[in-house]
Each structure stands twice: as structure tokens, then as C-alpha cells.
Amino acid sequence: MARWLARTVAVILLVMVGTTMLVRFAPGYFSDAAEMDARYADVARAELAAEAARSHSLAQMLAAEIGGWLRGDSGVSRQFGVPVWELIQPRLAVSGALLLRGIALAWALALCASLLSSASRNPSLLWQAPAAILLAVPAAALATLCLLVNSGGPVLVLALLLAARDFKFLHRALRRAWLDPHVLHARAQGVRSRHLLRAHIVPALLPQLGALASLSAVTALSALVPIEVIFNVPGLGDLAWNAAINRDLPVLLTVTMIMALAVVCAGMGSYRTVAWREA
Amino acid sequence: MSLGRGALFLLLGLVLAAAAVVARPGASYSYQDREAPLAGSSWRHPAGTDDLGRDRLVRVSAALLLSLAGSLAAAAISTAAAAGVGTLAAFGPAAAGWGAMLVCDVFLALPWMFLLMMVRSALPLTTLPAHSAAVTFLVLAALGWPACARAVYRGAVAQRTSGWMLHARATGLCRVQVIRHLLPNLFPLLIPQFLVSIPAFVIAEANLGALGLGISEPLPSWGGMLFELNNSAMLMQTRWVYLPLALLIVVLLALEGVAQEA
């Protein structure tokens with residue numbers, strides 16, 4: 001556990017260094033859309049010059065970044081001129097609630113569908129086809145279509161996208177588990193499916209389910225941006241998109257760091273599932 | 001005919017049809033027919049035009065070719081990088097292996113969409129459309145290799161202790177020779193990884209473009225054309241706006257079919 005924790009801290013620190021380097025050495029870091037407007041060009045250039053002086057060296061920039069995180073403000077937004085944390089704080093709950101509801105609904109859908117499809121003798125197209133089509137639709141397109149036909153909100157779109165992916169893995173894993181020799185033997189002897197699921201299949205699949213849950217969380221984080229932007233949900237994805245459009249790199253950097261932290265925490269969930277099973 | 005073979009033929013047919021449309025004399029993805037903005041289907045513009053009067057069929061065909069070519073290149077780069085890193089980690093010193101897997105963890109901890117947005121927004125405002133396309137696919141390649149590298153690393157470690165490898169090392173083959181013999185043994189692992197990456201990259205580009213952060217205009221891209229779906233006034237005028245989405249779904253299903261067969 002201690003070794004895993006040390007590795008996680010190292011990963012987070014490396015993510016911070018890597019993303020800061022990426023932003024600092026990006027060719028467009030010292031440019032602003034306001035420079036193109038004669039009314040704001042002088043102010044924008046002065047601000048960029050001040051920023052250039054502040055972030056003269058990478059070490060200085062990293063120290064400012066870490067200091068900002070320790071102070072709890074994470075720097076100042078270029079676009080709004082307020083501490084980044086002030087922008088992020090109210091949006092964390094919105095995105096968190098959307099993620100939780102979306103993932104819960106997706107798992108419920110995927111579990112029900114995969115239990116029904118894996119228990120049948122032949123894998124049916126009735127279950128496979130919708131999942132294959134959903135996997136072939138980009139999140140942004142699915143969200144736009146739902147908006148156009150005025151049915152389904154951000155939670156449903158997120159859940160459908162995740163459920164299709166989860167179903168694909170769950171169906172395969174459950175089908176394999178149902179065909180295990182000891183399960184086949186038990187079925188032949190008349191042991192009830194419910195008991196088999198509870199006593200043999202689910203415990204055997206637990207590590208895979210843990211890994212799949214982490215994967216769901218990572219997929220959901222990436223799908224968050226198009227869904228929040230298209231449904232106009234004031235969450236972290238929408239903030240990141242706004243920051244990207246307006247080249248507000250301090251905000252984008254902080255949101256990316258939070259997302260990386262969330263991915264690492266999701267990975268911890270999977271690690272704990274394996275540890276719990278092995279205990 | 002198997003599903004994978006059918007999907008491959010469908011894909012080849014689409015690519016050939018798209019190439020024929022783009023190579024047609026007088027076809028241009030950026031030419032604006034000012035007389036016919038948002039026109040419906042006609043002999044001159046079989047799939048109508050967009051709000052700037054550009055031929056939609058030519059643009060969709062060019063987007064298909066660009067997206068597939070870019071995704072194929074990105075998948076090839078990421079698979080080659082994964083093969084290199086995974087093999088190096090398995091056969092190099094222990095510290096190199098540990099370091100390579102740590103770098104993989106760092107990349108895997110970064111959600112693609114956020115990193116893509118960060119890189120795309122950090123480009124200069126004067127970036128040329130061709131450069132924006134190259135950067136988009138290069139970034140996808142740079143983000144796509146870690147998961148594959150982990151799989152290659154595991155495969156290479158398993159091969160390291162296999163009978164033929166022990167025999168080869170015992171007979172005095174040097175490390176470079178061993179790796180040369182190892183690579184063909186890793187192909188069954190690398191080819192599915194390569195094929196699975198292609199639809200993932202196509203979807204990532206489409207999502208990024210649909211947010212207005214993908215390949216810049218006037219170059220056509222799936223994402224750029226999906227962006228049109230946000231214009232409800234345009235949707236009322238012509239149903240051809242849905243053509244890029246329908247074609248994208250067909251292409252992705254075909255790519256998935258090919259990948260599953262492998």
C-alpha cells in the first residue's frame with residue numbers, strides 16, 4: 001500500500017510538471033485573442049508581458065503553481081481575473097453529481113443487459129446491435145441529437161455512452177463465467193442462477209469489475225466536456241471548454257490537474273477491490 | 001463472408017468512392033458557390049451545400065479521407081512507440097523498465113479530452129489549417145501509446161522467460177538479435193492494438209472538432225461538420241446536415257468490425 005501511495009504521489013507530481021511544461025513551452029502561451037482587437041490590444045500585451053516576467057523560468061512557474069495549490073487559489077484566471085479556485089469550487093459539485101448519476105445509471109443498464117444477454121444460449125443481436133451503434137457515435141453527436149429531439153438530458157447521454165462500453169466488457173466476462181466448468185456442473189445439478197451469481201460468478205469477477213469501474217470513471221471524465229458544453233451544464237467540463245476557447249491556460253491547467261487526480265483516485269478504487277478480494 | 005471481411009470491403013469501397021469524389025475535375029472542398037448557400041440536393045451538388053455554399057459531398061468525402069489517413073498515421077506512430085517502449089522496458093535495465101511504466105502511468109492519468117484541449121488552445125492564433133490537423137493527430141498519437149505499451153511490456157516479459165528465448169540466449173545471441181526475433185512474436189499483440197486505436201482516434205478527433213477545437217477551417221473534418229448540427233436554423237432547411245454523422249457511424253462500425261475480427 002505504501003509503495004502504491006508513493007507511486008501515486010510521484011505520478012501526480014509528474015503530471016503537474018508535465019502539464020506545466022507543456023503549457024509554458026506551447027508556441028501560443030504568450031498570445032491572447034484580445035491582442036487582435038485594437039481597443040484591448042495594449043492592455044492584453046501589458047498583461048502578457050507581466051506574465052512573461054512571472055514565468056521567466058520553468059522552475060519559477062512550477063513553484064508558483066505548487067504555491068498556488070498549497071495556498072488554495074491555484075493562480076488567477078486570465079479571462080475573469082479572479083482566483084481559479086473560486087471558479088472551480090461551485091462547479092465541482094455540479095460535475096460530481098452528473099458523474100455519479102451517469103455512472104450509476106450506466107452500471108444499472110449495463111448490468112441488467114449483460115445479465116440477460118449472457119444467460120441466454122446464443123448472444124442476441126437485440127443486445128449487441130444497440131451497444132455497437134452507441135459505441136460508434138461520438139459523445140458530442142449523441143448529446144446534440146438528444147437535444148434536437150428534445151428527449152434525454154446530460155445524465156442519460158452520459159449513461160448511454162458508458163453503458164455501451166461497460167456492456168461490451170461485462171457481457172464477455174459474464175458469458176465466460178457462466179461457461180466455467182464448476183458453474184456448468186452446478187447448473188446441471190440444479191443450483192439456482194441467483195445463488196450461482198452471488199456465490200461464484202460475482203466474487204470471481206470482482207477484480208475485473210473494479211478495473212471496469214475505474215475505466216468507466218475515466219471515460220466519463222472525457223465525455224464530460226462535450227456533454228456539459230452541449231447541454232449548457234455549468235460544470236468543470238464547460239469551464240475547461242470556455243478556458244480552451246478563450247486561451248485561459250491557468251484555468252485549463254488546474255482543471256486538467258483535478259481530472260488527473262480523479263483518474264488516480266479511480267485507479268485506487270480498482271486497487272482496493274483487488275486487495276479486498278485477496279485479503 | 002465473415003463480418004470482418006465484409007467490414008473491410010465496405011471501408012475500402014467508401015474510401016474509393018470518397019477518393020473518386022474528391023479527385024473529380026472541378027471538385028474543391030473550399031470553393032464557395034455564392035449563388036447556392038444551404039442548397040438542397042441537385043445535379044451540381046448531390047448532397048447540397050453548407051451555409052457558405054460549399055459542396056457537402058466533396059467536404060464529407062475529403063473529411064473521410066483526412067480522418068482515416070490521420071488516424072491511421074497516428075495509430076501507426078503510437079503502436080510503433082508502444083512497441084519500442086514496451087520492449088525496451090522488458091529487456092533494458094530494471095530501472096529503465098520501472099521508469100517507462102511510470103511514464104505510462106503519468107500519461108494514463110491524464111484524460112485525453114482535457115489534454116487535447118490544452119494543447120489545441122495553446123497553439124498560436126495564426127496556426128495554419130494543415131498544421132492544426134497535423135498537431136491534432138500527433139497529439140492523439142502521443143496520448144495513445146501508453147496503454148498499448150503496457151500490453152507490449154507484459155507480452156515481452158512473458159516472452160523473456162519462454163523456452164525459445166532461453167534457448168536463444170543460451171546459444172549466445174546478443175540482445176539486439178534477440179529483440180529482432182522477438183518482434184514477430186509480438187505482432188499478434190500489436191496488430192489488434194493498432195486496429196483498435198484507429199476508431200478511438202477518429203472519435204476523439206470528431207469530439208474535439210464538434211467543440212470547435214479540432215482541425216481549423218477551411219479543411220473539412222468530421223468534427224467540423226458535426227458542429228453544423230448545433231445550427232437549428234440549418235437543420236430546418238436541409239436534412240443533408242445529417243450525412244456526415246450517418247457516414248461517420250458507418251465508418252466507425254466498419255472499423256470496429258475489422259478490429260474485432262483481428
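The values are calculated or read from the model by the stated rules, or taken from the named source; none is laboratory data. On a predicted model such as this, the values are computed, not experimentally measured, just so you know. All Cβ positions, even for glycine, are placed from backbone atoms using ideal geometry, and neighbour counts span all protein chains on display.
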Note to self: Can you say whether B:Ala262 is modelled with pLDDT under 80, away from chain A (no Cβ under 14 Å), more than 25 Å from B:Ala109 (Cα to Cα) and over 17 Å from the mean Cα position of the chain (by Cα), as far as the supplied structure shows?
What the structure shows: yes
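In this structure, is B:Val202 part of a helix (DSSP H, G or I), closer than 25 Å to B:Asp55 by Cβ and within 11 Å of chain A (Cβ to nearest Cβ)?
Working: part of a helix (DSSP H, G or I): yes; closer than 25 Å to B:Asp55 by Cβ: yes; within 11 Å of chain A (Cβ to nearest Cβ): yes.
Answer is yes for this residue.
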Next item on the list: Please work out which one of (1) touching a Ser or Thr at 6+ places or on another chain (Cβ under 7 Å); (2) closer than 20 Å to B:Ile203 by Cα is the condition B:Val60 fails and give its number.
Entry: (1)
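Every residue, every condition in (1) of a type in the set (A, V, I, L, M, F, W, C); (2) at pLDDT 85 or above, yes or no:
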| residue | (1), (2) |
| --- | --- |
| B:Gly84 | no, yes |
| B:Leu110 | yes, no |
| B:Val119 | yes, no |
| B:Leu123 | yes, no |
| B:Thr127 | no, no |
| B:Trp145 | yes, yes |
| B:Leu166 | yes, no |
| B:His181 | no, no |
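Looking at A:Leu135, A:Leu98, which is the one that is within 26 Å of A:Ser214 (Cβ to Cβ), more than 14 Å from chain B (Cβ to nearest Cβ) and surrounded by 13 or more Cβ atoms within 10 Å (Cβ to Cβ)? Spell out how you get there, then give the answer.
Working: A:Leu135 fails: more than 14 Å from chain B (Cβ to nearest Cβ).
Among A:Leu135, A:Leu98, only A:Leu98 is within 26 Å of A:Ser214 (Cβ to Cβ), more than 14 Å from chain B (Cβ to nearest Cβ) and surrounded by 13 or more Cβ atoms within 10 Å (Cβ to Cβ).
Only one residue in B:Ala74, B:Ala170 is among the aliphatic types (A, V, I, L, M) and touching a Phe, Trp or Tyr at 6+ places or on another chain (Cβ under 9 Å). Which one? Steps first, please.
On the way: B:Ala170 fails: touching a Phe, Trp or Tyr at 6+ places or on another chain (Cβ under 9 Å).
Of B:Ala74, B:Ala170, the one residue that is among the aliphatic types (A, V, I, L, M) and touching a Phe, Trp or Tyr at 6+ places or on another chain (Cβ under 9 Å) is B:Ala74.
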Check: Here is a list of conditions, (1) among the charged types (D, E, K, R); (2) out of contact with any helix residue (DSSP H, G or I) (no Cβ under 8 Å at 6 or more places or on another chain); (3) within 14 Å of chain A (Cβ to nearest Cβ), and B:Asp55 meets all of them except one; can you say which number that is?
Finding: (3)
Next item on the list: Note down all Cβ pairs under 6 Å where the first residue falls in the stretch A:42-57 and is farther than 14 Å from A:Arg78 by Cα, the second is exposed (fewer than 11 other Cβ atoms within 10 Å of the Cβ) and modelled with pLDDT of 70 or more, and they're at least six residues apart or on different chains.
Entry: none
Checklist line | Pairs where the first residue, in the stretch A:1-28, is among the hydrophobic types (A, V, I, L, M, F, W, C) and the second is at pLDDT 75 or above and part of a helix (DSSP H, G or I), C-beta under 6 Å, 6+ apart | finding: A:Val11/B:Asp105; A:Val11/B:Val106; A:Leu14/B:Val106; A:Val15/A:Ala260; A:Val15/B:Val106; A:Val23/A:Leu253
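For A:Pro226, indicate whether it is touching a residue at least 40 places away in the same chain (Cβ under 8 Å), out of contact with any Asp or Glu (no Cβ under 6 Å at 6 or more places or on another chain) and more than 16 Å from B:Asn207 (Cα to Cα). Steps first, please.
Values: touching a residue at least 40 places away in the same chain (Cβ under 8 Å): yes; out of contact with any Asp or Glu (no Cβ under 6 Å at 6 or more places or on another chain): yes; more than 16 Å from B:Asn207 (Cα to Cα): no.
Criteria not met by A:Pro226.
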Next item on the list: Give just the number: which of (1) surrounded by fewer than 19 Cβ atoms within 10 Å (Cβ to Cβ); (2) modelled with pLDDT under 80 does A:Gly267 not satisfy?
Entry: (1)
Next item on the list: Being farther than 15 Å from A:Ala97 by Cα, facing chain B (nearest Cβ under 10 Å) and part of a helix (DSSP H, G or I) is the filter here, so list the residues in the stretch A:215-247 that pass it.
Entry: A:Val218, A:Thr219, A:Ser222, A:Pro226, A:Val229, A:Ile230, A:Ala240, A:Trp241, A:Ala243, A:Ala244, A:Ile245
Check: Out of all the residues in the stretch B:214-243, which are crowded, with 19+ Cβ neighbours inside 10 Å and within 9 Å of chain A (Cβ to nearest Cβ)?
Finding: B:Trp222, B:Gly223, B:Leu226, B:Phe227, B:Leu229
Next item on the list: Just name the residue that is modelled with the highest pLDDT out of those in the stretch A:126-168 that are of a type in the set (S, T, N, Q) and either closer than 11 Å to A:Ile230 by Cβ or in a helix (DSSP H, G or I) (or both).
Entry: A:Thr144
Check: Restricted to the stretch A:145-167, and to residues that are farther than 20 Å from A:Ser95 by Cβ and facing chain B (nearest Cβ under 10 Å), which residue is surrounded by the fewest Cβ atoms within 10 Å (Cβ to Cβ)?
Finding: A:Leu148
